[in-house]
Structures are given as C-alpha cells and as structure tokens.
4 protein chains.
Amino acid sequence: MKTALIVVDMLNEYDHEDADVLVESARAALPGMRRLIERATEDDGVEVVYVNDLYGEWNAGRTELLERVMQGRYRELVEPIAPAEDAIFIVKARHSIFYETPLEYMLRQQGVERLVLAGQVTEQCILYSALDAYIRHMDVVVPRDAVAHIHADLADAALRMMEINMRAEVVPAADSLR
Amino acid sequence: MKTALIVVDMLNEYDHEDADVLVESARAALPGMRRLIERATEDDGVEVVYVNDLYGEWNAGRTELLERVMQGRYRELVEPIAPAEDAIFIVKARHSIFYETPLEYMLRQQGVERLVLAGQVTEQCILYSALDAYIRHMDVVVPRDAVAHIHADLADAALRMMEINMRAEVVPAADSLR
Amino acid sequence: MKTALIVVDMLNEYDHEDADVLVESARAALPGMRRLIERATEDDGVEVVYVNDLYGEWNAGRTELLERVMQGRYRELVEPIAPAEDAIFIVKARHSIFYETPLEYMLRQQGVERLVLAGQVTEQCILYSALDAYIRHMDVVVPRDAVAHIHADLADAALRMMEINMRAEVVPAADSLR
Amino acid sequence: MKTALIVVDMLNEYDHEDADVLVESARAALPGMRRLIERATEDDGVEVVYVNDLYGEWNAGRTELLERVMQGRYRELVEPIAPAEDAIFIVKARHSIFYETPLEYMLRQQGVERLVLAGQVTEQCILYSALDAYIRHMDVVVPRDAVAHIHADLADAALRMMEINMRAEVVPAADSLR
C-alpha cells in the first residue's frame, strides 16, 4: 500500500482574519512539517503532494502561487517547506483537497491508499480532507505536530472526530511514515 | 430563496455499535423533527427531502428501506416522521448527503439555496453534510433540538464548527423555517 | 477482473418524442438483452446492475419505476427483462449512468473493472456512459445486438467512437460475457 | 446570461499518434480561434478560459505547460493563441473539461451559463465537454471553423450529435459570440 504525504495550504499570505493565531501555530508546526517532507522525499514508497488553495486567482499554478508568497510578509513560513520543482502540485478552489480537483484520480493512478495529512487548518481543511479521504476508503494519518490550528479547542475536537469517526491515526510526525 | 428541510438517516434499524446512546438522543429530538416536517409540508416555499443511507442494500429505495425499519425494533422512532409518498427521497451510500448522490442537481433544479438539516448524527452526517453544503455556497441551518448525537461533547464542537467555520445558523427548530 | 452487466434505461414509458423509432429498435434488441441478463444472473463473476432514469420523479426507486411501466402501454418491452428483486438498482437524474450517482463507488466496492453496457439509447446514454467509464479507466464492452437506437447513422458513428476513442469492444451479445 | 469562451487542449506538443492529421486541422482552425480569442478578450461579457490537459505532468500549471510547447516543434500553432497572463487557466487530467476540475465551480461563481467551445479534438474532448455542459444545463455553442478534428466523418457525426441531442448551436466562429 503506497502512501502520499499531502501538504495542505502552506502557500499562504496569512492576510485573512485570524491570521495571527494561525501564524503562531504554523511556526510551531514548521519543523515537524519540514522533517516529514524531507523523509518523504527520500522514501521511494511515498509521494509528496502539495494541495493548495488558489485564493480566487484562477490563472495561478505552482509557479504563480509560490512567487506571490515568497514576496510576501511570511516568507520564512514558506521557504523551509516550499515545493520542489518536481513535486506534485494540485490547486483547489474550496476547502477540501478532494472537492473538484484531480487529486482522487491521481492517487488512484499512483496506487496510493494511505494519506498523511500535514499543513493547515486542523479543524478546517485537514478535518474536511480527512473526511473526504475516509468516505473514499483511504487510510488517514494525522501527524499531530505537523498541523496548525486557529481554535485550539476545536482542533482537539477535530482530532478526536478523525480518530473515532474516520478511523484516522493521530500520531507524532516522526511515526507517521512507516 | 427557496428552502429545503433535509431529514437525514432517520430510517435506521439502530443495530450498530453505539446505537443505545443514539436511540436516546433520537427519541429526544423526535418531537422537534415531527413538528418541523409538519410545518415544512404545509409551507409551499419549503421542499421536504429525505436523504437516507442504504446500508449496503444496493436494490433499496424508499419502499424497501421503509418496509424494513417499520418491521424492526424501533418502529416508534420512524413512524411519526416517516416520509409521505410524494416526499423527495434520495439514497446515499456514504456519510455525506452530497457524496455521489443527485441531491445537488435536484436542489439546483428546484432553486433551493438554503438547507435545514435535521436528523442524525450531529457530529457525523449532519456535520459532513453542512460542510458539503457550505462548500457549494448554500446556506445551512441546524435546528438544535431536531438533531441527534452519539458523543455529546463532539456534537457541541460540531455545532460550533458549523457556526464559526461554515456560517451555519444553529437555532431552535421552531425558528428554523421562516 | 470482475464484470458488471449494466442495463440502461429499459424501464421506460416510451411517451417522449422519437419514441416510435426507439420502440422498434428496443423490440429488436430485447431477445439479446434477455439472454444476456439470464447468463449474467447465472454467472457468479458478473453483477447485474440496472441504472435507470427517474424521469424527474424524485420519490421513485425500483418499486415505483417498475410499477409505473408495468401499467403502461409498453409492458411487453419491460416484462422479459424486468429487474429481479435482488438486482442492484440505481436511479440517475441525467443521461450518464455515472453523473451524480453512487455507481462508481459501488463498482469499486465490488471490484468491478469491466462493464457490459446494454439498453438504450446507443448514440446517447450508452455513448455517454461508455465515455464516463473510459475516463475512469474501466473496460467497456458494447453488445451490438443488445442496445437500441433512435438515429441509425449516429448510432453507427457512436459505436465507432467507442471502439476507436474509448477502446471499447463492440461484439455480439453472445460474446460479451466471457 | 454570461458567456465563456473555452479554449480546449491547444497547448499541445502534437507528438501522439494521429498527430499529423490533427496538425493539419488545427492549422486550418487557427485563424478562427485567434479572432474568437481577440473578440472575447475585448468583450466584458465574455470570460476567456483555457482548459488544458496536463499530459500526466502533475506539477504543471500554465507557466510550465506553455514553456514546454513554446520550445517544441509546433510553436507556430501555439503562439497566436497563447493564454494571456491574466486568462483563467485550468488543468485537466482526462478528456472532459469538467472531469475532476474546478471548472463548474468557477463558471457558477462567475455566473456563466453559456459556453463557446473552441480547440480540439471535435469528436473527442469537444464532444465530451459539450455533453458534460449539457448535462449541467449550460448552453453550448460550437464554432465550426474554430475546432480541429482527427477523423472528419466522426467529427461530422459529433457535430450532429451536439446539435440534435445536446441542443448545441453549431455556427461560424464569427457568429458564436453575440
């Protein structure tokens, strides 16, 4: 069973409401994410996949989105985990990584049945994406120290929902790739 | 803007794990649901729509599902809110009311943009369906006393998630149809 | 690799425009369909699946749709190929058997990767369903003498499109289940 | 009712089977496409949208796809109709412009209900995309001299199918934007 590490919504300008809280949490999760991406990149059995909101910029792909955030205020939150040129990169228009994107098709083509969901926001896109993976009978792993949240209490509830109702494994990042 | 009252997963045999807790909660929510269905049925601006899991019975529609639960142990939880013969009835195979069902198509055809989500389970199918409605830019209302849960704390968190992150109105059933 | 025989749109009242031409063609294809369904029913490696338009009747499932056509003018075109009680039965709202239906999910759950498409209309729902199967990397077989058409020339072109561009096998019904 | 001009699969290296025939047809359709794109760009009521296959290159967006074809053998078939930097650009993984892409969401957000389908291949992606638009109740226009084909006879049949069964208007490019 092949695994994909999915990095969700980390190309972000953090200019929305609640951004300050998220920035703090993202900064704390950054080392965990960086190590995960490094390990996944070296592991032939793991695909590294970035799925990122296009924030209404309908002409944007990897190049355009990366350029914008690297010129923004929070470059230091992007640079350590920026997508390599050959990383799979899929844009999304709404919250779930599966909604009207070619992700499911790509995962099936690559034989991936296990998703490690890193990135943000735990109680929003991570939760929604875990649900959409579970509905499609894919296994879900959430590396607890490689996801970022806005509301700590809702993030805790989201992690419990994923464990109890979506059979996700919630584990330290170091244990999430086997 | 037209409204639909969606009755989620109430044709249920309650023979799964955790069923006892759910039965209690469903019994408490039953009067709220019944009144909502009655009011919606009389209101020309409101569609009454049942969306129900087919529990792996791939030959089942309204007739078959209703027959089975009416012969089951929990008939009294079904009879007061059983679908009228002319009610819209859509089967689903997985948790969200939108996943691989014609619901979205039907709602657009009928001009519905506002969903009142009643039924069960608050922290599962109701939450997931609210998300899928929000992603599609539909307004969501959750009548607090016409939904049933298994885990009270997760249900509370789910209601807060719907309010904060999906802009849902969480209100008494009596206020959910305007 | 498991096979499904899909019987498309054969519960039909034939009261639409062009119905006379279709009735002729359906009558000619009926023996081929009947034998296919019989053989598929006896074959443990083949699922028999009916997918049928609900013609805008949003409360209809197998029971309701079958009842209506059995009371209609063309009962003799339905009776020989009517779905058994335990046949898989999926309603659709629009032309393709895959559009907003749980068919793809069900086929994956059953391990089906090869579809034999019988029924009507060759140059419409059969063509569209073949396309949607091909896009999903499923193998398609069209039993030439178990499908019905309205426009003979477009039906011929549709069969060639399926062969050339969707890699479908177009074969006699007798050769379509192996 | 807003219109979108959709330019389908014109960023192409033409290195597949049947490419020679397609190159001829694309060259003949190029002036019609170019004028259409110019007129649509000047018209505030028309969105210009490129939808292009990513040919299995899962890290590719507009920038990467354009770069590749501009360095290829058929640069002269791309340059006159290359997407402007602010044109909407959506990648697809399979034949239809709607399959697992955010196109439908984007069109609804922009209020688009009428699609003019230019590009290639008439009897393949154009036909399939017309079908998927029709199923979604969008109006379809095919500018006869701004689409390219591989099999002339199947292309003719495809245009007739679109007219008869999908209610598309098949008109000269000069008449397709009103």
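The values are calculated or read from the model by the stated rules, or taken from the named source; none is laboratory data. None of these values were measured; they are calculated from a predicted model. Quick reminder, even Gly has a Cβ in these numbers, built from the backbone with ideal geometry, and neighbours come from all protein chains shown. Protein only, heavy atoms only, side chains kept; ligands, DNA and RNA dropped before computing areas. Shrake-Rupley method; radii C 1.70, N 1.55, O 1.52, S 1.80 Å.
Considering only residues in the stretch D:57-77 that are in a loop (DSSP other than H, G, I, E, B) and surrounded by 21 or more Cβ atoms within 10 Å (Cβ to Cβ), the one that is farthest from the other protein chains (Cβ to nearest Cβ) turns out to be D:60. Checking every residue in the stretch C:145-161 against the condition of being touching a strand residue (DSSP E or B) at 6+ places or on another chain (Cβ under 9 Å), at pLDDT below 95 and more than 14 Å from chain D (Cβ to nearest Cβ) gives zero matches. Tell me, yes or no, whether the stretch C:53-70 has at least one residue that is in contact with a Pro (Cβ under 7 Å, 6 or more places away or on another chain) and of a type in the set (Lys, Arg). Within the stretch C:53-70, one or more residues are in contact with a Pro (Cβ under 7 Å, 6 or more places away or on another chain) and of a type in the set (Lys, Arg).
Against the criterion of being more than 23 Å from residue C:106 (Cα to Cα), in a loop (DSSP other than H, G, I, E, B) and open to solvent by 40 Å² or more (accessible area, probe 1.4 Å), residue B:20 does not qualify.
Within the stretch C:44-56, the set of residues being within 14 Å of chain B (Cβ to nearest Cβ) and either over 20 Å from residue B:86 (Cβ atoms) or more than 18 Å from the chain's Cα centre (by Cα) (or both) comprises C:47, C:48, C:49, C:50, C:51, C:56.
Taking the stretch C:1-17 as the range and being open to solvent by less than 70 Å² (accessible area, probe 1.4 Å) and either assigned to a helix (DSSP H, G or I) or under 17 Å from residue C:133 (Cβ atoms) (or both) as the test, the residues that pass are C:2, C:3, C:4, C:5, C:6, C:7, C:8, C:9. The number of residues in the stretch B:129-171 that are among the acidic types (Asp, Glu), without any contact (Cβ under 8 Å) to a residue 12 or more places away in the chain and either open to solvent by less than 10 Å² (accessible area, probe 1.4 Å) or assigned to a strand (DSSP E or B) (or both) comes to 0. Answer yes or no as to whether residue C:27 is open to solvent by 40 Å² or more (accessible area, probe 1.4 Å) and touching an Asp or Glu at 6+ places or on another chain (Cβ under 8 Å). No; evaluated as a whole, the condition is false for this residue.
You will find that of D:14, D:55, the residue that is in contact (Cβ under 8 Å) with a residue 60 or more places away in the chain and among the aromatic types (Phe, Trp, Tyr) is D:14 and no other.
Applying the set (1) surrounded by 19 or more Cβ atoms within 10 Å (Cβ to Cβ); (2) assigned to a strand (DSSP E or B) to residue A:126 leaves exactly one unmet item: (2). Take the residues in the stretch B:104-113 that are at the interface with chain C (Cβ under 8 Å from one of its Cβ atoms) and in contact (Cβ under 8 Å) with a residue 12 or more places away in the chain, then tell me which one is farthest from residue A:137 (Cα to Cα). Going through the qualifying residues, I end up with B:106. From the list D:27, D:35, D:94, D:68, the lone residue that is within 24 Å of residue A:109 (Cα to Cα) and within 15 Å of the chain's Cα centre (by Cα) is D:94.
In the stretch B:84-98, of all residues being at the interface with chain C (Cβ under 8 Å from one of its Cβ atoms) and either surrounded by 15 or more Cβ atoms within 10 Å (Cβ to Cβ) or in a helix (DSSP H, G or I) (or both), the one that is modelled with the lowest pLDDT corresponds to B:87. With the requirement that a residue be open to solvent by 10 Å² or more (accessible area, probe 1.4 Å) and out of contact with any Ser or Thr (no Cβ under 9 Å at 6 or more places or on another chain), what does the stretch C:103-123 give you? The answer is C:104, C:105, C:108, C:109, C:110, C:111.
Going by the structure shown, is residue D:26 assigned to a helix (DSSP H, G or I), of a type outside the set (D, E, K, R) and in contact with a strand residue (DSSP E or B) (Cβ under 6 Å, 6 or more places away or on another chain)? Considered against the rule, which asks whether it is assigned to a helix (DSSP H, G or I), of a type outside the set (D, E, K, R) and in contact with a strand residue (DSSP E or B) (Cβ under 6 Å, 6 or more places away or on another chain), residue D:26 comes out as yes.
The set of residues in the stretch D:30-43 being open to solvent by 50 Å² or more (accessible area, probe 1.4 Å) and under 14 Å from residue D:81 (Cβ atoms) consists of D:31, D:34, D:35, D:38, D:39, D:41. Considering the conditions (1) assigned to a loop (DSSP other than H, G, I, E, B); (2) open to solvent by 30 Å² or more (accessible area, probe 1.4 Å); (3) not polar (S, T, N, Q), residue C:47 is excluded by exactly one of them, (1).
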